[in-house]
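So the structure is just underneath, and the comments pick up after that.
The values are calculated or read from the model by the stated rules, or taken from the named source; none is laboratory data. Keep in mind that this is a model prediction, so the values were computed, not measured. Backbone-built Cβ (ideal geometry, glycine too); neighbour counts: all protein chains shown. Only protein heavy atoms, including side chains, enter the accessible area calculation; ligands, DNA and RNA are left aside. Shrake-Rupley method; radii C 1.70, N 1.55, O 1.52, S 1.80 Å.
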2 protein chains.
Amino acid sequence: MKLDETIKGRRSIRKYQDVEIPDSVIEELLDLALHTPSSMNGQPWHFIVVRRQETKTKLAEIKNRYCPVEKQMYRADFLKDAPVIIVVCVDKNKSYDREVENAVLATLNILLGAFSRGIGTVYMSAYKPDDSRISEEIRKALRIPMSIAPITIIPLGYPDETPEPKTIRDIKGAISYESY
Amino acid sequence: MKLDETIKGRRSIRKYQDVEIPDSVIEELLDLALHTPSSMNGQPWHFIVVRRQETKTKLAEIKNRYCPVEKQMYRADFLKDAPVIIVVCVDKNKSYDREVENAVLATLNILLGAFSRGIGTVYMSAYKPDDSRISEEIRKALRIPMSIAPITIIPLGYPDETPEPKTIRDIKGAISYESY
């Protein structure tokens, strides 16, 4: 798919067909992720691919438990029904103080790569800036060592919903020239 | 350009031809940025487009002043010679505690959109997690109010260098299945 079409067409998908995504396709997406720019070219990523039902259910429970009041409309129950989940982690020793940035950039390449292959995804966080409990629980569930930080969670599946059209802000209000 | 080709071909560019990039092209890139997913669909971005020499020089000075020892090989002097710089900011009141993530995601769409149009860029940070001075100085230089956080800086220009080929990690070492 063309780049602009991919960026403009991608939408968050939270309902998936009960259809498997083969490892070969997941590896294509993770190969795209490895081409993401990273601080000092540290390429600090590690990806955990989850298909086991017990683990998906556990991730949904953890996300729901720490879901803030204002985000209750976005419950994580659907995570249980995603055919695959990718947890994007980074090696803290290769991130040059930019764990979040490195992981978030790679995450977007996975989201775009998935959409261009007809696969639905939604961006979810695996950590909170002000509360380490969520990442600690995810670390425990996935046996992630302390030197590795889980940052995002990406459920993937062929879409079983068609999102409402999204209204994008007028660009004029989003730009200033030379200063704010 | 095709998505995969864009993601795999993009490289960091720090040397630019002395050729202007018209506002219409910058607006195409920022339109792509506005299609980025955001927390609670807050679309919290604000983009400052800088072409004034004095401001570009000021940004280079600020970046150099706070450049950590281990990143001294990546000095910011070249910022002075970029035809255009985009500073990506977010409105803290529309970011739902995810200022960095929202800005970083939009930044990658700008980097990809630029590459697909033959324009070189490089990802730079406008803040440090543990030192607020750099973002305060940038805020002052660009008259950014306190409710708005500058997060990234993107110099743009038609490339005047051809980077060395980049070695990407072997994918097998970057994936685990079911747990780390």
- [ ] Specify the residue that is surrounded by the most Cβ atoms within 10 Å (Cβ to Cβ); the eligible residues are those in region A:113-140 that are touching a strand residue (DSSP E or B) at 6+ places or on another chain (Cβ under 9 Å), outside any loop (DSSP other than H, G, I, E, B) and within 11 Å of chain B (Cβ to nearest Cβ).
- [x] A:Thr121
Task: Condition met for A:Arg98 (within 9 Å of chain B (Cβ to nearest Cβ), modelled with pLDDT of 95 or more, open to solvent by 60 Å² or more (accessible area, probe 1.4 Å) and in contact with a Ser or Thr (Cβ under 9 Å, 6 or more places away or on another chain)) - done: no
TODO: Sort out which residues of region B:56-74 are crowded, with 19+ Cβ neighbours inside 10 Å and at the interface with another protein chain (Cβ under 10 Å from one of its Cβ atoms), and write them in order of number.
DONE: none
Open item on the list: A:Asp4 - would you say it is facing another protein chain (nearest Cβ under 10 Å), free of Cβ contacts under 8 Å to residues at least 12 places away in the same chain, at negative phi and crowded, with 20+ Cβ neighbours inside 10 Å?
Closed with: yes
Task: Test: residue in region A:126-137 that is in contact (Cβ under 8 Å) with a residue 24 or more places away in the chain and of a type in the set (Val, Ile, Thr) - done: yes
Task: Filter result (in contact with a strand residue (DSSP E or B) (Cβ under 6 Å, 6 or more places away or on another chain), in contact (Cβ under 8 Å) with a residue 60 or more places away in the chain and not polar (S, T, N, Q)) within region A:152-180 - done: A:Ile153, A:Ile154, A:Pro155, A:Leu156, A:Gly157, A:Pro159, A:Asp160
Task: Selected residue (only one of A:Ile144, A:Ile110 is within 11 Å of chain B (Cβ to nearest Cβ), over 24 Å from B:Leu34 (Cβ atoms) and either out of contact with any Leu (no Cβ under 7 Å at 6 or more places or on another chain) or crowded, with 23+ Cβ neighbours inside 10 Å (or both)) - done: A:Ile144
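This table checks each residue for (1) closer than 30 Å to A:Gln72 by Cα; (2) in contact with a helix residue (DSSP H, G or I) (Cβ under 8 Å, 6 or more places away or on another chain); (3) not hydroxyl-bearing (Ser, Thr, Tyr).
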{"position": "B:Asn41", "(1), (2), (3)": "yes, no, yes"}
{"position": "B:Val50", "(1), (2), (3)": "no, yes, yes"}
{"position": "B:Glu61", "(1), (2), (3)": "no, no, yes"}
{"position": "B:Ala76", "(1), (2), (3)": "no, yes, yes"}
{"position": "B:Ala82", "(1), (2), (3)": "no, yes, yes"}
{"position": "B:Lys94", "(1), (2), (3)": "yes, no, yes"}
{"position": "B:Phe115", "(1), (2), (3)": "no, yes, yes"}
Open item on the list: Of everything in region A:79-95, what is open to solvent by 10 Å² or more (accessible area, probe 1.4 Å) and either charged (D, E, K, R) or within 11 Å of A:Ile154 (Cβ to Cβ) (or both)? Give them in sequence order.
Closed with: A:Lys80, A:Asp81, A:Asp91, A:Lys92, A:Lys94
Task: Single residue of region B:7-23 satisfying the filter (at the interface with chain A (Cβ under 7 Å from one of its Cβ atoms) and part of a helix (DSSP H, G or I)) that is least open to solvent (accessible area, probe 1.4 Å) - done: B:Ile7
Open item on the list: So, in region B:151-180, how many residues would count as being open to solvent by 70 Å² or more (accessible area, probe 1.4 Å) and at the interface with chain A (Cβ under 7 Å from one of its Cβ atoms)?
Closed with: 3
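Okay, residues lined up against (1) over 13 Å from the mean Cα position of the chain (by Cα); (2) not in a helix (DSSP H, G or I):
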position	(1), (2)
A:Leu32	yes, no
A:Ile48	no, yes
A:Met73	yes, yes
A:Cys89	no, yes
Task: Filter result for the condition that a residue is within 18 Å of B:Val104 (Cβ to Cβ) and among the polar types (S, T, N, Q), over A:Ser147, A:Ser125, A:Ser132 - done: A:Ser125
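Among the residues of region A:24-32, is any polar (S, T, N, Q), under 29 Å from A:Lys94 (Cα atoms), more than 7 Å from every other protein chain (Cβ to nearest Cβ) and open to solvent by 30 Å² or more (accessible area, probe 1.4 Å)?
yes
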